[in-house]
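Okay, so here's the structure we're looking at.
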Amino acid sequence: MHPKSVQRHFFYGLLFLVFVLTVFIFVPFISSLIVAATFAVVMQPVYKKFVKTFKHRGISAFLASFVLIILLSVPLSFIGREVIIQTKNFTNPDQGVSPVASLISEIEAPLEKILPGGAEQISEYIVKFSGTLGDNLGAIFSGTFHTFVFFGITLFALFFFFKDGEQFEKTLVKLSPLGDTYDNEILGRLKRAVNSVIRGSLTIALIQGVLTGVGLAIFGVPNPALWGSLAFFTALVPSVGTSLVLGPSILFLFINEQFFPALGLTIWSMLIVGLIDNVLNPYLVGRGVNIHPLFVLLSVLGGLSVFGPIGFIVGPLTISLLYALLDIYKIGFKIE
């Protein structure tokens, strides 16, 4: 074999080996890097305003990261604390009768009339579902050493994605085997898709979930933070949305003869929670790639089931990248 051919094969073999080892080294931090890159894209307008004001990338990156910390930590710490407390009290095994058991006892008689013999089975499903829901939400908000490490690395990476993001992007374009035109097109469409999904659909769902929880608290429905967290996911369901949480809550109030709170929650759900989507959607979603809410919901739930908590972002990012690549395909992809 020719010496140059040997050298070439040795170099590519060494390059592949080092690349594989590097991937294994970075695997524990992939979640942090994905989250940091996503928030760097979403918070880019804030970062650019700081750059324009202070004329310094390092200071601007620090301030943009600090703003994001405030925006996330304040509401999440409060909501997380309430969810943990309400998760522990969700089934209340030490206090005899839980809110879930109380609700089941109220609806069991009407269910028995409609579905003879099925009320007991439905009750078992409700108890199992409530226990699973409480355990999972409690685990998401529970603070562990791993969680602190995750957020620490995420913030560290976020700072440098702000500060050196453009240089990272140029390097990625140079290393990609695709033509620079396609690389830039894919990155541009991916950014727009991320903004549409993360800053659009998920932000609207988050606001609706918070408003649902506030309404439940005002009108006396038990465990409002827990149900408000669930309402975030149901808000992603096309057409029905938060009614999957608000409807049973209104029914719960009516069954317990709390007619005025039930009426108040009905008005709240229609005028406050329901109109948020119509008001914010054109401003947040309409400016980017319009991904159908059904696909957003499936990407979130599928991402959570495959990747765990990080799937909350990885799922929508994957569907965003798919949309970007399909758009490139539709306009005609050519090898350069």
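What follows is calculated from the coordinates using simple rules that are stated; it is not laboratory data. As the structure is a prediction and not an experimental result, all values here were calculated from the model. FYI the Cβ positions are ideal-geometry reconstructions off the backbone, even for glycines, and counts take in every protein chain you see.
If a/c stays under 1.5 just call it rounded; otherwise compare a/b with b/c (prolate if a/b is bigger, oblate if not). Do that for the range 159-205, with a ≥ b ≥ c from the square roots of the Cα gyration tensor eigenvalues.
Note, shape of the range 159-205 comes out oblate.
Counting pairs of alpha carbon atoms under 8 Å apart in space and at least six apart in sequence, what relative contact order in percent does the range 168-243 give?
Across the range 168-243, relative contact order equals 22 percent.
For the range 171-266, what does the alpha-carbon gyration tensor say about shape, rounded, prolate or oblate, given a ≥ b ≥ c as the root eigenvalues, a/c under 1.5 as rounded, and a/b over b/c as prolate?
On the way: a/c = 5.23, a/b = 4.27, b/c = 1.22.
Taking the square roots of the gyration eigenvalues as a ≥ b ≥ c, the range 171-266 is prolate.
Can you tell me which of 38-48, 153-163 comes out highest on packing, and rank the rest after it, using the mean Cβ neighbours within 10 Å?
153-163, 38-48
Could you give me the ³J(HN,Hα) list for the range 154-170, computed from phi with Karplus coefficients 6.51, -1.76, 1.60 and θ = phi - 60°, whole Hz, x at Gly and Pro?
Taking θ as phi minus 60°, the curve returns 4, 5, 4, 5, 4, 4, 6, 5, 5, 5, 10, x, 5, 5, 4, 5, 5 Hz for the range 154-170.
Starting from the Cα gyration tensor of the range 16-78, take the square roots of the eigenvalues, sort them a ≥ b ≥ c, and report rounded, prolate or oblate (rounded when a/c is under 1.5, otherwise prolate if a/b is larger than b/c, else oblate).
oblate
Just to check I understand the Karplus step: with θ = phi - 60° and J = 6.51 cos²θ - 1.76 cosθ + 1.60, what whole-Hz values come out for the range 313-324, glycine and proline as x?
In residue order, the calculated couplings are 9, 4, x, x, 5, 5, 5, 5, 5, 4, 4, 4 Hz.
Per-residue HN-Hα couplings for the range 254-270, Karplus 6.51 cos²θ - 1.76 cosθ + 1.60 at θ = phi - 60°, whole Hz, x for Gly and Pro?
Working through the residues one at a time gives 5, 4, 8, 6, 9, 6, 5, x, 5, 5, x, 5, 4, 5, 4, 5, 7 Hz.
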